[in-house]
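Visitor: The structure under discussion is supplied below as structure tokens; questions concerning it will follow.
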Amino acid sequence: MSSTDGATDRYLAKRDAILAAAAEAINEASAKGMTFADVARRVGLNTTSVTYYFKRKEDLAAAAFDHTLEWLQTTLDRALAEPTPQARVARFLSIHFERQRRIVAGDERPVAVLADLRAMEDPFKGRLLQSWREVFRKTRTLWGNPADRAHKDLNGARAHVLLENSFWMTVWIDRYEPDQYARVEARLMDVFAHGLAAPDRHWTPHPLALPMGDEAGQDAFLRAATRLINELGYRGASVQRIAAELNVTKGSFYHHLDAKDDLVTACYRRSFDTITAAQQAADRVGGSHWQRLSSALAILVDAQFADVAPLLRTTALSGLPLSVRQAMVDRSNRIARRFAGTISDGIAEGSIRAVDPPVAAQAVMALQNAAFDMRKWAGTMPREQAVKLYASTVMTGLFDDCVLG
């Protein structure tokens, strides 16, 4: 190896270390919250040394996101080498779990989560979002070429739920020891392969209503803030933009809340209260536990598609202080346990398949959480059909074409 090659190798190794450190900083503090000083500290350099590789913080954040998107493309290429849709999805999931095992063992470092893509500014934003769309389209091909528009729509829902679960898995997998990852992977794949419905059960949710709150006060403020944070990320949704959305002054913002962290916390509480209200309403209506789960999920997905009372995406978590973030994750876990309880009772009565309830509940959490991003997709068909197709990905599985019947 020539000295030039050695210098190049050292340069690339240091660049990769900076990118890995940037990914960790983004995951903890968001792209806009990341600083050169923090990244430099993580790799044992001074700030000037980091700027030798990346002139601006935006360059570094974009490169970290590029790295994640390239990793996803490579993962999909490996999955697409499998012969059937089910084998491809299983391979895709397996690669994600294997990577998580390596991260826990210290053999690999995390890549940047894509929560803040929309908070990036142009020219980076347009290019990164285009790369994300390419990842989504390639994920959709795991199910092969669609026979018609209906199958294309269904495959779009499947792709989105699969991607969202692969991201969400990193949030809850730490409840398991690494030697249990293979078992958890198998249980999650079982949900994807066969869904939750017992053989004689069909999608017939009861109509429910969610409390909407007041139209002019704090609830309206929180709904507007939730929409903007979902679209632009925690850092991208400035107080100025939120106030402008409601045509009020920044002073009005501080009339409702003391600080922006308080705003995100309040948005999460409103969202969690909405999910709990849906679960409670489904229990009041009664019926089998399959029926209760279906009804709660249907109204929550419908609320996401309607964009009237959206639920705050978990993408905002990376902008919160660690103590507040943990409190929000704890509340999410309690809601997931309630879903797990419904699933467990459904298994006992025979209306839900014998699945792993905690794992299945996390798949349900990922589904209802991610639905906000599919509003445009849902707008191309009757709402009831959109809710049914999207929910089918977990309720009857990622390979059930009968949902189109």
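Visitor: Once you charge only the Cβ atoms, +1 for Lys and Arg and -1 for Asp and Glu, what is the size of the charge dipole of the range 116-237 about its Cα centre, to the nearest 20 debye? Can you show the working numbers first?
Guide: On the way: 17 positive and 17 negative charges, 98 e Å.
The calculated dipole for the range 116-237 is roughly 480 debye.
Visitor: Need one number: nm distance between label points at D59 and E121, each 7 Å from Cα along Cα→Cβ, rounded to one decimal.
Guide: The modelled label-to-label distance comes out at 1.6 nm.
Visitor: With bins 10 Å wide starting at 0, give me the P(r) of the range 105-196 over every alpha carbon pair, in whole percents.
Guide: 13, 34, 34, 17, 2
Visitor: Give me the number: length gained by fully extending R241 to D330, i.e. 0.36 nm times residue separation minus the C-alpha to C-alpha distance, one decimal in nm. Numbers along the way, then the final one.
Guide: On the way: separation 89, 0.36 × 89 = 32.04 nm, distance 2.92 nm.
Net length gain for the segment: 29.1 nm.
Visitor: Which one of N230, N333, N46 has the biggest mean-square fluctuation once the chain is modelled by GNM with Cα springs under 10 Å?
Guide: N46
Visitor: Ignoring the sites themselves, what is the longest stretch of the chain with no GluC sites (Glu not before Pro) in a DSSP loop and at most 15 other beta-carbon atoms within 10 Å? Don't skip to the end; give the middle numbers.
Guide: Numbers: sites that count: E108, E121, E215.
Maximal segment without exposed cleavage sites: 216-405.
Visitor: With 26 Å as the cut-off, how large is the P(r) tail for the range 3-145, expressed as percent of Cα-Cα pairs?
Guide: On the way: 3332 of 10153 pairs.
So the pairs more than 26 Å apart make up 33 percent of the total in the range 3-145.
Visitor: Within the range 274-291, find all residues whose amide N lies under 20 Å from a label point positioned 7 Å from the Cα of E349 along Cα-to-beta-carbon.
Guide: Residues 276-291 fall inside that zone.
Visitor: Starting from the coordinates of the alpha-carbon atoms of the range 283-405, obtain the Kirkwood hydrodynamic radius over all distinct pairs and give the value in Å to one decimal. Write down the numbers at each step before the final one.
Guide: On the way: mean 1/r = 0.0649 Å⁻¹.
Computed over the range 283-405, the radius equals 15.4 Å.
Visitor: Want the number for T170 to A209: 0.36 nm per residue separation, take away the alpha-carbon distance, what's left?
Guide: Numbers: separation 39, 0.36 × 39 = 14.04 nm, distance 3.23 nm.
Here the answer is 10.8 nm.
Visitor: Pick from K57, K376, K125 the residue whose mean-square fluctuation is largest in a GNM of the chain, springs joining Cα atoms under 10 Å.
Guide: Sorting by GNM fluctuation, first place goes to K376.
Visitor: Quick check on the chain: what are the equivalent-ellipsoid semi-axes from the Cα gyration tensor, as sqrt(5λ), descending, whole Å? The partial results should precede the final answer.
Guide: Details: eigenvalues 243, 156, 73 Å².
Largest first, the chain gives 35, 28, 19 Å.
Visitor: Treat every Asp and Glu Cβ in the chain as -1 and every Lys and Arg Cβ as +1, leave all other atoms uncharged, and give the resulting dipole magnitude about the Cα centre to the nearest 20 debye.
Guide: On the way: 51 positive and 48 negative charges, 90 e Å.
Here the size comes out at about 440 debye.
Visitor: Among Y390, Y268, Y11, which one shows the highest mean-square fluctuation when the chain is modelled as a Gaussian network with alpha-carbon springs under 10 Å?
Guide: Ranking Y390, Y268, Y11 by mean-square fluctuation puts Y11 first.
Visitor: Here's another thing I want to ask about it. Roughly how many whole Å is it from the C-alpha centroid of the range 273-304 to that of the range 167-201?
Guide: 22
Visitor: Lysine pairs in the chain with Cα distance under 29 Å, only those 8 or more apart or on different chains: how many are there?
Guide: 28
Visitor: Additional query: Work through the residues other than F272 whose Cβ is under 9 Å from its Cβ and net out their charges, Lys, Arg +1 and Asp, Glu -1. Intermediate values should be presented prior to the final figure.
Guide: Numbers: positive: R269, R270, R331, R334; negative: D273.
Within the 9 Å Cβ shell, the charges total +3.
Every number here is computed from the coordinates shown, using simple stated rules; none is lab data. Nothing here was measured: the structure is a model prediction, and the numbers come from that model. Glycine gets a Cβ as well: all are built from the backbone with ideal geometry, and neighbour counts include every protein chain shown.
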